[in-house]
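Heads up: the structure comes next, in structure tokens.
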Amino acid sequence: MKKIAFFDTKPYDKIYFDKFKDEFGFEIKYFESKLNPDTAHMATKYDAVCAFVNDDIGKETIKELCETNAKIVAMRCAGYNNVNFKEAYGKIHIVRVPAYSPYAVAEHTMALLLCLNRKIHRAFNRTREYNFSLNSLIGFDLNQKTIGIIGTGKIGRTFIDICKGFKLNVIAYDPYPQKNSDIKYVTFDELCTESDIISLHCPLNKDTNHLINEKAIEKMKKGVYILNTSRGSLIDSEALLNALKNKKVGAAALDVYEEETDFFYEDLSFKIINDDVLSGLISMPNVIVTSHQAFLTHEALKNIAYVTLSNLSHYFNNENLENEICYKCHKGEECSRKEGKRCF
């Protein structure tokens with residue numbers, strides 16, 4: 001029976017992974033610690049490592065993992081910007097869950113927009129104190145407003161379908177547009193200048209890091225709403241905070257934050273948050289921050305667990321790793337996987 005070292009464990013992880021582990025014949029050791037250079041040694045005597053979005057799979061961590069028996073890291077998520085693929089190449093295989101439920105993230109994004117626009121979060125707090133005033137709770141009709149979607153992968157396209165149900169005018173930007181689609185693509189600058197609402201659904205890489213920055217915000221309409229349920233570093237958080245303060249940005253809903261690693265998924269309600277930007281964002285009445293929970297549905301968690309364990313089963317059974325990604329894949333270069341083999 002193969003053994004898996006499972007890092008950054010939460011109670012809901014155990015529910016779904018325990019449901020399938022016997023089917024695949026795995027023994028799982030759950031660690032609450034995040035994977036990083038200081039905890040990688042805990043994988044010693046395990047055959048595989050399972051990691052999540054806020055784990056550190058950088059150069060030093062990979063170096064430490066190479067000292068253990070683990071030859072594969074299974075990411076139980078779609079994103080992989082926390083992996084140093086150059087360092088891992090030829091040493092440790094990296095697999096992921098490319099699509100667990102685009103509906104989960106897309107529906108959460110719309111929930112954030114509706115809540116933010118109609119001030120549901122503020123009304124909820126008021127009525128709990130028997131304050132039934134409607135002052136400062138005015139929203140706007142979504143009907144015929146223009147929403148700009150950045151990134152038209154599975155989640156972006158699912159969100160577009162939802163937006164069309166609300167009769168929103170949808171425009172999109174993607175350097176790799178979907179062929180034979182009815183999506184109205186525009187340039188990034190056009191999206192910034194034309195959108196009443198902007199929603200981010202693209203991966204994080206060197207080209208998209210701080211895509212929403214001071215320069216981009218300057219081009220936007222006064223009072224624009226910004227939604228981010230993708231990756232925190234797509235937005236320059238300090239630039240966003242300043243734009244909210246000077247009312248250039250009307251409101252923001254964030255399920256991710258660029259410095260979230262030390263905060264999200266943890267109960268810090270009795271601690272002082274030593275991050276002035278995050279504290280500033282949370283304190284604003286026109287900002288909603290959720291703790292990277294857009295993926296959190298029963299369906300998504302079930303798919304994440306099943307696909308993650310399937311990836312590991314394929315590895316140990318010497319089968320093709322459909323969901324593997326490597327340095328060459330990451331760089332858009334040719335690798336052996338395109339020939340039906342493993343990346344290396």
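The values are calculated or read from the model by the stated rules, or taken from the named source; none is laboratory data. Everything numeric here is computed off the predicted structure, so don't read it as measured data. Don't worry about glycine lacking a Cβ; one is built from the backbone with ideal geometry, like all the others, and counts go over all protein chains shown. The area values use the complete protein model at the heavy-atom level, side chains included, leaving out ligands, DNA and RNA. Shrake-Rupley method; radii C 1.70, N 1.55, O 1.52, S 1.80 Å.
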**Study point:** Cα-based equivalent ellipsoid of segment 1-105: semi-axis lengths in Å, sorted from largest, via gyration tensor
**Key:** 20, 17, 12
Practice item. Name the aspartates and glutamates eligible as straight-distance cross-link partners of Lys145: C-alpha to C-alpha under 13 Å, and not fewer than 8 places from it in the same chain. Key: Glu194, Asp196
Exercise for review: Calculate for the chain the 222 nm mean residue ellipticity that helices alone would give, adding -39,500 (n - 2.57) per DSSP H run of length 4 or more and normalising by residue count, nearest 500 deg cm²/dmol.
Suggested key: -9500 deg cm²/dmol
Practice item. Among the chymotrypsin sites (Phe, Trp or Tyr not before Pro) in segment 130-161, which ones are in a DSSP loop with at most 15 other Cβ atoms within 10 Å of the Cβ? Mind listing them? Key: Tyr130, Phe132, Phe140
Review point. So how tilted is helix 11-24 from the main axis of the chain? Cα-based, degrees 0 to 90, rounded to 10.
Key: 40 degrees
Exercise for review: Take the Cα atoms of segment 72-128, build their convex hull, and give its volume per residue in Å³.
Suggested key: 116 Å³
Exercise for review: Could you tell me what percent of the accessible area of segment 1-85 is made up of carbon and sulfur, with a 1.4 Å probe and every protein chain present?
Suggested key: 46 percent
Review point. In whole percent, what relative contact order does the chain give with Cα contacts below 8 Å and a gap of six or more residues?
Key: 16 percent
Point to revise | Fraction of accessible area attributable to carbon and sulfur, segment 157-291 (%, probe 1.4 Å) | key: 49 percent
**Study point:** segment 88-152 versus segment 258-328: alpha-carbon centroid distance in Å
**Key:** 16 Å
Revision key, fill the gap. For the chain, dividing by residue count, accessible area per residue (probe 1.4 Å) in Å² works out to 51 Å²
Exercise for review: Just order 249-260, 273-284 by mean Cβ neighbour count inside 10 Å, highest at the front, would you?
Suggested key: 249-260, 273-284
Review point. Mind listing which trypsin sites (Lys or Arg not before Pro) in segment 1-100 are in a DSSP loop and have 16 or fewer other Cβ atoms within 10 Å?
Key: Lys45, Lys71, Lys91
Point to revise | Dmax and Rg, reported as Rg then Dmax, of segment 154-259 (C-alpha, Å) | key: 13.3, 41
Point to revise | Cβ-based net charge around Glu60, under 12 Å, with every Lys or Arg adding one and every Asp or Glu removing one | key: -3
Revision key, fill the gap. Contact order relative to length for segment 182-335, counting C-alpha pairs under 8 Å separated by 6 or more residues, stands in percent at 17 percent
Practice item. Would you please classify the overall shape of segment 243-344 from the alpha carbon gyration tensor, given that a ≥ b ≥ c denote the square roots of the eigenvalues, rounded means a/c under 1.5, and beyond that prolate means a/b larger than b/c while oblate covers the rest? Key: prolate
Study note, to complete from the structure: For segment 295-343, the percent of accessible surface on carbon and sulfur atoms (probe 1.4 angstrom, ligands and nucleic acids excluded) is 42 percent
Practice item. On a 0 to 90° scale, report how tilted helix 154-165 is relative to the longest principal axis of the chain, with both axes built from alpha carbons and the result rounded to the nearest 10. Key: 30 degrees
Exercise for review: May I have the pair-distance distribution P(r) for the chain, computed from all Cα-Cα distances with 10 Å bins from 0 and rounded to whole percent?
Suggested key: 5, 23, 31, 24, 13, 3, 0
